[in-house]
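The values are calculated or read from the model by the stated rules, or taken from the named source; none is laboratory data. For clarity, every value in this text was computed on a predicted model and none was experimentally measured. FYI the Cβ positions are ideal-geometry reconstructions off the backbone, even for glycines, and counts take in every protein chain you see. We work out accessible area using only protein heavy atoms, side chains counted, and drop any ligands, DNA or RNA first. Shrake-Rupley method; radii C 1.70, N 1.55, O 1.52, S 1.80 Å.
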Amino acid sequence: MAKSPEQILKSVFGYDKFRPGQREIIDNVLSGRDTLAVMPTGGGKSLCYQIPALIFEGITVVVSPLISLMQDQVGALLENGVDAAFLNSTLTLEEYKKTVRAIKSGETKLLYVSPEGLATERVKSILSEADVPVSCVTIDEAHCISEWGHDFRPDYMEIAAFRNRFKDAVCLALTATATKQVQADIVKNLKLKKPAVLVSSFNRANIFLNVQPRTDGIGQIVDFLQEHKEQSGIVYCLSRKEVDSITKELQARGISAMAYHAGLSDEERADHQNKFIKSQVDVIVATVAFGMGINKPDVRFVIHYALPKSIEEYYQEIGRAGRDGLASEALLLYSAGDIHRIRFFFKDKSDDESFKAEKLLQAMIDYAQCRTCRRKFLLNYFGEEYTPPTDGHNQNGTQDQNAAPCCDICESGGLPLKDVTVPAQKFLSCVYRVDQRFGATHIIDILLGSRNEKIKKFNHNFLSTWGIGTELSKQAWFELVDAMQSAGLIDRVGEYNIVKVTSLGRELLQNRDKIELPVRINFDQQKKASLALPKKKAVLHKKAELKDDAQTQEFFDRLKAWRKKLAEEENVPPYFIFNDKTLIEIANQKPSDARGLLSISGIGELKAKKFGEDILRIIDSA
């Protein structure tokens, strides 16, 4: 008798209940209805096709964009006793032949291939000659088929032709990032037939959203890493040069870090990624080339050293943190100079491509500069109204005293309106003095009395506004500029972000009206007013869910040491054995027998049988 989805969920994967949205997607797939599912990274997309694959008679073909992603998924499935395989260039001739035999005999339940591989006549023939039919075609990272998606790949356009050859197969398209326009493109380009379009909540409640001005970039990263010692994380940079520079700086400070970018050899990239996945290195410093194929569940933080090109890209990348559901953090270090650097990439694009890229970038700028709850802004971008959780987080972004804050704005209790009339008037006046021809950095340098070469070249050290703004620090001035732009007093336009005063700004300056803006500037200090950055909460520590007693901590440390040793022996990432969340639950509950082990989330029948004696022995030995 065929097992139900719930039975497979528990017996194979070790979970007692589905996450929100999973069961509805599975029901649609099992009923044979084409389905587009938009779920956040870490929301459990993989189970939405893996469970139907174990119920369907035939084979499920999974289109996956990266070799590393295929290897990770197949490795985890094999660890759970599921017959899965991939066809790609990493296989030797003998391994390829063995895999083909398993496919044709019907042994393989899930087959992972790239979109390029799917388009070949060889793969189509292998599947046509198999003893079982193709029951399901799953397209992972389906946003890659849309030109409005942040990672468009032309090879995805060939998938529709494959589907036409296997007309009876149900199609499931999965993505973590898709606006309404991208969703429409996916349905159209994949030729989905009357599909169910199921959009889960984009809210990753366990990820703390933190955006700070980049004032001392490497220093800010080092300070952050000191708060996250021995935790896994990713630092994203815009250029290879930045990746190499930051990696060397971190290594010089004794931080376990490695680089990843296209300038490294294939062997170097594979080695660095493998060491990160296996927790042999804590931090990967990378360009956006890294991450799509990473299923590592215990990434505790993602740092962006510069502004991403779009909210879709940003959301995809921060989603690599906290896939196990434990508290994690996304830190964006933002500078207005990033905008110019990103726009430089647009110069060779067509007018239509530049328009799309600029529209996506502007939304990212608005997010970085927003003065209210960042989670509300982020969810609204994807068309979702922010619903306050029951922990006391209010709709306006403020927090009850005992509620966990969701972003840096909420952590500070929301940004209060402060009287910035005098410094705002000084800034606006200075913009006029330079004929609205310069960017914010140059204007701030004038206000602070700088004598740099550019100031002297234009004789701006003789302006009446030169040196009149020393009551604020440079960082505080940038904070004020962002607030003024958000309030519509100024615009930053063109390739070089030239500051222009808006009609509202002119009116307020001419009338000498009072100007109040939401800022984090601390005006109470005796000398220069600085940026009042919020103090970090202690809720982000990876062991926060452990019971607070010495015995439980000892169990957890022993379990981690055992997992690490076993993973090294089997040459697999530690999370293939168990993720941190499962180890925490074991340490907290201290099961005394096999039945107790099976009650732990993440322990299915095969793993209980394979690892149960070792776990019980660790508990008994204490």
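Quick notes
- Test: residue in the range 375-389 that is within 29 Å of Lys514 (Cα to Cα), among the hydrophobic types (A, V, I, L, M, F, W, C) and at pLDDT 90 or above: yes
- Members of the range 1-47 that are open to solvent by less than 20 Å² (accessible area, probe 1.4 Å) and touching a strand residue (DSSP E or B) at 6+ places or on another chain (Cβ under 6 Å): Ile25, Val29, Asp34, Thr35, Leu36, Ala37, Val38
- Subset of the range 328-338 that is modelled with pLDDT of 85 or more and touching a strand residue (DSSP E or B) at 6+ places or on another chain (Cβ under 8 Å) - its residue that is farthest from Ile303 (Cα to Cα): Ser335
- Pairs where the first residue, in the range 27-45, is in contact (Cβ under 8 Å) with a residue 12 or more places away in the chain and closer than 21 Å to Ala184 by Cβ and the second is charged (D, E, K, R) and open to solvent by less than 10 Å² (accessible area, probe 1.4 Å), C-beta under 9 Å, 6+ apart: Asn28/Asp34
- Among the residues making up the range 489-507, those that are open to solvent by less than 30 Å² (accessible area, probe 1.4 Å) and more than 35 Å from the chain's Cα centre (by Cα) are Val501, Thr502, Gly505.
- Taken over the range 426-444, residues that are assigned to a helix (DSSP H, G or I) and more than 16 Å from His340 (Cβ to Cβ) amount to 8.
- Test result for Ile615, surrounded by 18 or more Cβ atoms within 10 Å (Cβ to Cβ) and outside any helix (DSSP H, G or I): no
- Checking Ile603 against (1) open to solvent by less than 20 Å² (accessible area, probe 1.4 Å); (2) in a helix (DSSP H, G or I), the condition it does not meet: (2)
- Taking the criterion of being of a type in the set (A, V, I, L, M), buried (at least 18 other Cβ atoms within 10 Å of the Cβ) and part of a helix (DSSP H, G or I), the residues of the range 192-246 that qualify are Ile221, Leu225, Val243, Ile246.
- Exactly one residue out of Asp513, Asp524 is over 34 Å from the mean Cα position of the chain (by Cα) and either on the phi > 0 side of the Ramachandran plot or at pLDDT below 90 (or both), and it is Asp524.
- Top-ranked residue of the range 152-183 - restricted to ones that are closer than 22 Å to Val288 by Cα and buried (at least 19 other Cβ atoms within 10 Å of the Cβ), ranked as modelled with the highest pLDDT: Leu174
- If the condition is being within 15 Å of Cys237 (Cβ to Cβ), open to solvent by less than 20 Å² (accessible area, probe 1.4 Å) and among the small types (Gly, Ala, Ser), then the range 287-329 contributes Gly291, Ala306.
- Considering residues of the range 586-597 that are in contact (Cβ under 8 Å) with a residue 24 or more places away in the chain and outside any loop (DSSP other than H, G, I, E, B) only, the residue surrounded by the fewest Cβ atoms within 10 Å (Cβ to Cβ): Asn588
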